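Notes for the one structure printed next.
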Amino acid sequence: RGREEEPKFPTVVPVRDFDPARDAARIETAIKTKGVDEQTIIDILTRRSAEQRREIAFEYERIAKKDLSVALKGALSGSLEALLLGLMKSTAQYDASELKASMKGLGTDEETLIELVCSRNNEELAEIKKAYREMFKKELEKDISGDTSGNFAKLLLALVQTRRDEPSNVVDYQKIDDDARVLYEAGVKRKGTDVGSWISIMSQRSIPHLQKVFERYKSYSPYDMKESIKKEVKGDLEKSFLTLVECFENRQLYFANKLYEAMKSKGAKEKVVTRILVSRCEVDLMRIRTEFKRQHKKSLYQTIAEHTKGDYQKALLSLCGGDD
């Protein structure tokens, strides 16, 4: 099978009859308008692919003699600004800059770090590492190891090393059984947890293989894999393993649940909502929408409409791409 790319289910696709110079001129007018014409900026940037936005930025610099991101920063603020600036980066660049921000200054934003490292597949992580190196002149591994410690650091670093097997056409029942038994013997069966064994299996095996391992695991352990994780480990390590298992089982459902959690209370955790919509709109947001509706009996579109407001809401709804 080799390096087979996962099919894409985007909500944001390249626009037909694309005219970057016209888009750039319209954005320049919108920025110069008294009070800023946010609507025009949103309409253009949320309905173009990352590739097209790059061409708009190129044309913008040509006509306005300044950098588009700098101009947007000056014209906008708050969550809308964060969202639109995010759209000016490629998916890998955006993920890389979110990772960087999660490790900046005092204290680490572990939630973001866990989401970005544990939910991205091999291919995405390889792209993110490359973007990170280009943008920050540093190795992602180095920054992670400087910012985390213990088994939590070991797990994240094992994942970032992208040593995961590619899926194979041959189902290796012996290896499935061996891995399931090792996971059980390293955890639930003994006193204490041999976290190293868990890390190596969960960071190196292919995803279809692991799905079968977790199924097989139930014939050894009285608890399923997620229950076992909750019993055996705590804190950031627990959250990381749970994120991994949820993503192995159904990655789009993981993102759907994360969005649901971010919009459960009165307002919204806008950073989380922005991050998932911006980073997944050209990848799998269409399927995330489907899972959201299936799981929560309400569309993502309706949920965003209820929990956000103003121009920020308009931009999110445009990225969301429609109601279900």
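When the accessible area of the range 266-324 is computed with all protein chains present and a 1.4 Å probe, what percentage of it is carbon and sulfur? Provide the component values of the computation, followed by the final result.
Numbers: 1290 of 2600 Å².
For the range 266-324, the apolar C and S fraction of the accessible surface comes to 50 percent.
Looking at the calculated P(r) for the chain, what percent of the C-alpha pair distances fall above 31 Å? When every Cα pair of the chain is considered, 37 percent fall beyond 31 Å. Sites count as exposed loop sites when they are GluC sites (Glu not before Pro), lie in a DSSP loop, and have at most 16 other Cβ atoms within 10 angstrom; the longest stretch of the chain without one is 140-324.
Among the listed pairs Lys269/Lys309; Lys8/Lys175; Lys130/Lys269; Lys104/Lys264; Lys89/Lys271, which are separated by more than 22 Å between their Cα atoms? Don't skip to the answer; put the middle values down first.
Numbers: Lys269/Lys309 13 Å; Lys8/Lys175 30 Å; Lys130/Lys269 29 Å; Lys104/Lys264 28 Å; Lys89/Lys271 16 Å.
Beyond 22 Å between Cα atoms: Lys8/Lys175; Lys130/Lys269; Lys104/Lys264.
Using a Förster distance of 30 angstrom, determine the FRET efficiency expected from the C-beta separation of Lys66 and Lys100, and round it to 0.05.
On the way: r = 24 Å, r/R0 = 0.80.
About 0.80, to the nearest 0.05.
For the range 91-161, the share of accessible area belonging to carbon and sulfur comes to 49 percent (1.4 Å probe, ligands and nucleic acids excluded). Measuring nothing but alpha carbons in the range 20-88 and taking Rh as the Kirkwood radius, the Rg to Rh ratio lands at 0.91.
A DSSP coil position with no more than 10 other Cβ atoms inside 10 Å describes the following trypsin sites (Lys or Arg not before Pro) in the range 121-198: Lys137, Lys191. On a straight-distance basis, which aspartates and glutamates could pair with Lys314 in a cross-link, Cα separation under 14 angstrom, same-chain partners fewer than 8 positions away excluded? Counting by Cα, and skipping residues close in sequence, Lys314 has these aspartates and glutamates nearby: Asp37, Glu38, Asp43, Glu81, Glu270, Glu306, Asp323. Give me log10 I(q)/I(0) at q = 0.11, 0.15, 0.18, 0.21 Å⁻¹ for the range 199-324, Debye formula, one equal scatterer per alpha-carbon, no solvent. Result of the Debye calculation: -0.46, -0.77, -0.97, -1.15.
For Lys32, list the lysines whose Cα falls under 20 Å from its own Cα; do not include residues on the same chain fewer than 8 positions away. Cα-Cα hits under 20 Å: Lys65, Lys66, Lys73. Per residue, the range 20-88 exposes 48 Å² of solvent-accessible protein surface, assessed with a 1.4 angstrom probe and all protein chains in place. Radius of gyration over Kirkwood radius for the range 173-232, both on Cα atoms: the Rg/Rh ratio is 0.92. Note: the range 136-211, Cα convex hull, 88 Å³ per residue.
Working from label points 7 Å from Cα in the Cα-to-Cβ sense, the Lys142 to Ala21 distance is 4.3 nm.
What number does the range 88-184 give for Rg over Rh if you use C-alpha atoms and the Kirkwood radius?
On the way: Rg = 15.5 Å, Rh = 14.7 Å.
In the range 88-184, Rg relative to Rh is 1.05.
Taken over the range 251-320, the percentage of Cα pairs per 5 Å bin, counting from 0 up to the bin with the maximum distance, is 4, 19, 34, 29, 13, 2. With protein chains left intact and a 1.4 Å probe, residues in the range 158-291 average 46 Å² of accessible area per residue. For the chain, the longest principal axis of the Cα atoms and the long axis of helix 150-160 meet at an angle of about 60 degrees. Distance from the alpha carbon centroid of the range 161-240 to that of the range 105-146 works out to 23 angstrom.
The values are calculated or read from the model by the stated rules, or taken from the named source; none is laboratory data. Given the structure is predicted, the values throughout are model-derived calculations rather than measurements. Counting neighbours? That spans all protein chains shown, and the Cβs are built from the backbone with ideal geometry, glycine included. What goes into the accessible areas is simple: the full protein's heavy atoms, side chains included, and nothing from ligands, DNA or RNA. Shrake-Rupley method; radii C 1.70, N 1.55, O 1.52, S 1.80 Å.
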